[in-house]
Amino acid sequence: MTKNIIILQHIAVETPGYILDLMKRDNYNLTTIELDEGEKIPNNINQFDAMLSMGGPMDTWMEESHPWLIEEKKTIKEFVINLKKPFLGFCLGCQLLGEVVGGKVVKSNPPEIGILDVNMLQNYEKDEIFKEFPSRIKALQWHSYEVQDLEKNCDVSILASSLTTKYQIFKYQNHAYGIQFHIEIKEDTVNKWGCVREYKTALEESLGKDALDQFDTKAKDNIKNFNNSAEILYKNFSKII
């Protein structure tokens, strides 16, 4: 049976990337909602078997300038908490999930930008999605905000952390996952994102004026490992859809 997947995007260049290629290969029925361009989320979200929420240059608290964030948060809450359906959130999508399940999103100190280590925690070995991951992976980070204060929700488990970000991967119950880093990238991703003013500014403030070319080269050097991780995630996530 063909699976129906809804993808919530916040800027055109931030698609599910390599994971999108895998879903198209497997003939998933994909519905992409470009929220920043005024597209509306369907009323009947129960028709979808899984939801993906992608990254974006805005932040979760910017509801005044991006009022569609209000509806997106309501939709994620309905899908994840009430309907208990499979969900993946990447970067901004991770932070939206974190806020929905009771955390708060705060400014990272410092911003986490670069190809950096993410350490899996001991309990990841029992997780259906991430149990095949190595204990440490290289990940592409490009965020200035992060989720905190999820400890009070006993339905939330942390699966991975980095030196500066506690919630690199977390899950709500066993069907909804927040991933702070960019597991979905392809070879051309860094160059495309470097054209986004907010991303370029954050990159240069963290890594220097000429950082984009070096960042792009390092990302390409690691692309095989990134894609391998994405394939494991996709394969195992597909099993719970």
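The values are calculated or read from the model by the stated rules, or taken from the named source; none is laboratory data. Given the structure is predicted, the values throughout are model-derived calculations rather than measurements. No Cβ is skipped: glycine too gets one built from the backbone with ideal geometry, and neighbour counts run over all protein chains shown. To get the accessible areas, we keep the full protein, side chains included, count just its heavy atoms, and leave off ligands, DNA and RNA. Shrake-Rupley method; radii C 1.70, N 1.55, O 1.52, S 1.80 Å.
Treating r as the C-beta distance of Q47 and S135 and R0 as 41 Å, the FRET efficiency rounds to 0.60.
Normalising the average separation of contacting C-alpha pairs (under 8 angstrom, six or more residues apart) by the number of residues puts the relative contact order of the chain at 20 percent.
FRET efficiency for N109 and D155, Cβ-Cβ distance as r, R0 = 22 Å, nearest 0.05?
Values: r = 27 Å, r/R0 = 1.24.
The calculated FRET efficiency here is 0.20.
Under the convention that each Lys and Arg Cβ holds +1 and each Asp and Glu Cβ holds -1, the size of the dipole of the stretch 136-241 around its Cα centre is about 340 debye.
Pick out, from N191, F130, L52, the residue whose Cα sits farthest towards the positive end of the charge dipole of the chain, with +1 on the Cβ of Lys and Arg and -1 on the Cβ of Asp and Glu. My answer, from the dipole projection, is F130.
Apolar share of the accessible surface for the chain: 47 percent from carbon plus sulfur atoms, 1.4 Å probe. Report the paramagnetic label zone for K209: residues of the stretch 160-194 whose backbone N is under 20 Å from a point 7 Å from Cα along the Cα-to-Cβ axis. Under 20 Å, as judged by backbone N against the label point of K209, lie 194 of the stretch 160-194. Considering only the Cα atoms of the chain, their convex hull presents on average a projected area of 12.0 nm².
Here the Kirkwood formula puts the hydrodynamic radius of the stretch 88-145 at 12.9 Å, using every distinct Cα pair. Sort the stretch 138-235 into rounded, prolate or oblate with this rule: let a ≥ b ≥ c be the square roots of the eigenvalues of the Cα gyration tensor; rounded if a/c is under 1.5, and if a/c is not under 1.5, prolate when a/b is larger than b/c, oblate otherwise. Oblate shape, in that a/c is at least 1.5 and b/c is the bigger or equal ratio.
For the chain, the share of DSSP beta bridges that are antiparallel, to the nearest 5, is 55%. Each Lys and Arg Cβ is given +1 and each Asp and Glu Cβ -1; about its Cα centre, the stretch 70-179 then shows a dipole of about 80 debye.
Largest GNM mean-square fluctuation among L212, L163, L52, using the chain with Cα springs under 10 Å: L163.
Find how much the distance from D117 to A12 grows on full extension, using 0.36 nm per residue of separation minus their present alpha carbon separation; answer in nm with one decimal.
35.0 nm
Label point 7 Å out from M62 along Cα-to-Cβ: which residues of the stretch 7-26 have amide N under 18 Å? In the stretch 7-26, the label zone of M62 (backbone N under 18 Å from the point 7 Å along Cα→Cβ) covers 8-15. Residues in the chain average 46 Å² of solvent-accessible surface per residue, probe 1.4 Å, ligands and nucleic acids excluded. Note on the chain: GNM, Cα springs under 10 Å; of M54, M23, M62, the largest mean-square fluctuation is that of M62. For C195 and K40, a Förster radius of 22 Å and the Cβ-Cβ distance give a FRET efficiency of 0.25, rounded to the nearest 0.05. Ranked by the mean number of other Cβ atoms within 10 Å of their residues, highest first, the peptides 34-44, 123-133 fall in the order 123-133, 34-44. Taking the Cα centre of the chain as reference, the dipole from Cβ charges on Lys and Arg (+1) and Asp and Glu (-1) amounts to some 680 debye.
Taking 7 Å steps out from each Cα toward its Cβ at L83 and K239 produces label points 2.4 nm apart. If you run the Gaussian network model on the chain, springs between alpha carbon atoms under 10 Å, then out of Q214, Q180, Q148 the most flexible one is Q214.
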